[in-house]
Amino acid sequence: MGVTGTAWRAMEQPRRITDSFPRRRRRPPGRSKAKRCPQPRRRAPPPAEEPPTPAPDQALLEMLRGFDLAWEYGPCTGITRLQRWERAQALGLNPPKHVRDALLEHGDNPDVTYSLWYQYEL
């Protein structure tokens with residue numbers, strides 16, 4: 001009994017799954033993809049940075065620290081200084097008006113906005 005041609009080849013070499021896909025040629029070492037492209041890609045310009053806010057003066061920070069340490073206006077962890085001031089005002093505790101004015105004036109500066117314990121987890 002004879003074996004047909006295709007059956008004979010199947011017995012000679014086992015087929016691999018990669019045999020059904022076309023082969024790709026590899027680049028020679030030292031040759032990168034960029035050398036084939038005549039035009040280099042242009043990168044997008046970096047986003048414009050906001051100008052840094054000037055640091056508030058030490059007298060203002062000392063006044064705000066005093067407000068943070070004054071427990072008569074309630075706890076200050078977990079909220080901003082302005083939220084604490086507004087809560088104390090709503091409760092009739094009469095917080096200092098100059099603290100609110102300073103908070104509204106320097107509202108974009110995180111050193112002024114947040115209390116001493118802002119960075120600590122509850």
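The values are calculated or read from the model by the stated rules, or taken from the named source; none is laboratory data. Please read all numbers here as calculations on a predicted model, not as lab measurements. Please note that ligands, DNA and RNA were not included when accessible areas were found on the heavy atoms of the full protein model with its side chains. Shrake-Rupley method; radii C 1.70, N 1.55, O 1.52, S 1.80 Å.
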> Can you give the translational diffusion coefficient of the range 53-112 in µm²/s, computed by Stokes-Einstein from the Kirkwood radius over Cα pairs at 20 °C and 1.002 mPa s?
Replying inline: 183 µm²/s
>> Students sometimes get this wrong: rank SER115, SER20 by accessible area, probe 1.4 Å, all chains present, largest first.
In response: SER20, SER115
> Where does each of TYR114, TYR120, TYR73 land when they are ordered by accessible area, with a 1.4 Å probe and the largest first?
Replying inline: TYR120, TYR114, TYR73
> Counting only protein heavy atoms, what percent of the accessible surface of the range 52-103 is carbon or sulfur at a 1.4 Å probe?
Replying inline: 59 percent
